[in-house]
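Encoded as structure tokens, the structure appears first; notes follow it.
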């Protein structure tokens, strides 16, 4: 595909991301609090994060395979449809106080979050290789509006849920059902032409940056790019989920309400997506390895600040969560660019789904580990561990850049 990304399908993707972004807020903002209330244990508060990120893994596999066979549009629409069912299931579980219904519903809800992230690959399909960073970042940036609005509607949706006889913390999941449903409808009706047409799903011609010699497998550079991009996204996701998930629990333990937690998470989510246009341009101009290294440094700073912030300091914790979001953004955009560049179109969608499986499992690991670590060692220890883990991104990026000849090496 030559030239700039087609404006109509990209605009439709952007609009759907604005809508679906609001659906992300439910699990992030109140998932841990809902589990803490229903299960009666802080140590198990990370279970919802683990479940919906595990659901993201299953969703990523299904969406990747559907997209490879039928196109991006059917894959994304069905993924958001599953997110609607999962969100409604969580609401029903809260109303019935049923843990047995809550757990599978959170798993299915994860398909909606997976779909929101996998839409970035559709954006990359619409752009030539030298503009992929900007195309990915445009789709991610669109998520900002809904993702920032969602946490700030915690009180409003909670009041609505209470008026309907449903526990207040289930309110954001009502918003998630509406948001995912609206995004599915927009894509089903308006996403034309298909970002991944049939001739590029099997044996279509590779683009100029993913071609391998005829009859050969992936080159060493392609394998290295795929491994590096995947590793960067795995580490940044694990760290981000672990620290973000326990932040509302930490805030409530020190006397702050859900409104305060919603504001902190809103600013964090804004930082996850708002820098995307600048990050995309930086990736296209300076190279993904440099941006990936910056991700590790930024996440390390976030972990250190969160560990050192006084327990009652909302501003200090807010700055740490903003840095956490920015570092995650650097890692996701740079990692996506590396993975997309390394994969030929004939197997790109299915392979990207598998990459996102790893990302989701990394998030599930972070979510599961964060609760016990918080309960046994405290929030500062959790934040410090996250910062140290994130620092591993820096040598990964530097070594990969040197392996590619040192071009634009950090």
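Could you tell me which of the residues 239, 264, 249 is closer than 18 Å to residue 384 by Cα and over 13 Å from the mean Cα position of the chain (by Cα)? If you could, list the steps in order and put the result at the bottom.
On the way: 239 fails: over 13 Å from the mean Cα position of the chain (by Cα); 264 fails: closer than 18 Å to residue 384 by Cα.
So the residue among 239, 264, 249 that is closer than 18 Å to residue 384 by Cα and over 13 Å from the mean Cα position of the chain (by Cα) is 249.
Kindly evaluate residue 403 against the criterion of being at pLDDT below 85 and over 24 Å from residue 65 (Cα atoms).
Details: at pLDDT below 85: yes; over 24 Å from residue 65 (Cα atoms): yes.
Yes, satisfied.
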Scan of segment 250-263 for residues that are in a helix (DSSP H, G or I) and closer than 14 Å to residue 155 by Cα, ordered by number:
258, 259, 260, 261, 262, 263
May I ask you to list the residues in segment 370-392 that are within 14 Å of residue 249 (Cα to Cα) and touching a helix residue (DSSP H, G or I) at 6+ places or on another chain (Cβ under 6 Å)?
370, 373, 374, 379, 380, 382, 383
Filter result for residue 123 (buried (at least 22 other Cβ atoms within 10 Å of the Cβ) and under 14 Å from residue 31 (Cα atoms)):
no
The residue that is surrounded by the most Cβ atoms within 10 Å (Cβ to Cβ), considering only those in segment 271-299 that are under 19 Å from the mean Cα position of the chain (by Cα) and closer than 19 Å to residue 243 by Cα, is 299
Looking only at segment 296-314, decide whether some residue is in a helix (DSSP H, G or I), within 18 Å of residue 278 (Cα to Cα), at pLDDT below 95 and in contact with a helix residue (DSSP H, G or I) (Cβ under 7 Å, 6 or more places away or on another chain).
no
Return yes or no: is residue 50 farther than 30 Å from residue 346 by Cα, within 17 Å of the chain's Cα centre (by Cα) and buried (at least 24 other Cβ atoms within 10 Å of the Cβ)?
yes
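I want to confirm something. Restricting to segment 147-191 and keeping residues that are under 17 Å from residue 122 (Cβ atoms), part of a helix (DSSP H, G or I) and touching a helix residue (DSSP H, G or I) at 6+ places or on another chain (Cβ under 8 Å), which single residue is modelled with the lowest pLDDT? So that I can check it myself, show each step before the final result.
Residues of segment 147-191 that are under 17 Å from residue 122 (Cβ atoms), as a first pass: 180, 183-191.
Cutting the leftovers down to part of a helix (DSSP H, G or I) gives us 180, 183-190.
Filter once more, so that each one left must be touching a helix residue (DSSP H, G or I) at 6+ places or on another chain (Cβ under 8 Å): 180, 183-184, 186-188, 190.
Details: 180: 94, 183: 94, 184: 95, 186: 95, 187: 94, 188: 93, 190: 90.
Within segment 147-191, the match that is modelled with the lowest pLDDT is 190.
If you go through segment 210-232, how many residues are exposed (fewer than 15 other Cβ atoms within 10 Å of the Cβ) and either assigned to a loop (DSSP other than H, G, I, E, B) or at pLDDT 90 or above (or both)? I'd like the intermediate steps shown before the answer.
Keep residues of segment 210-232 that are exposed (fewer than 15 other Cβ atoms within 10 Å of the Cβ), which gives 211-217, 219-220, 223.
Going one step further and asking which of them are either assigned to a loop (DSSP other than H, G, I, E, B) or at pLDDT 90 or above (or both), we end up with 211-217, 219.
The total comes to 8.
The values are calculated or read from the model by the stated rules, or taken from the named source; none is laboratory data. Model, not experiment: these values are computed from the prediction. Please note: Cβ atoms are built from the backbone with ideal geometry, for glycine as well, and neighbour counts cover all protein chains shown.
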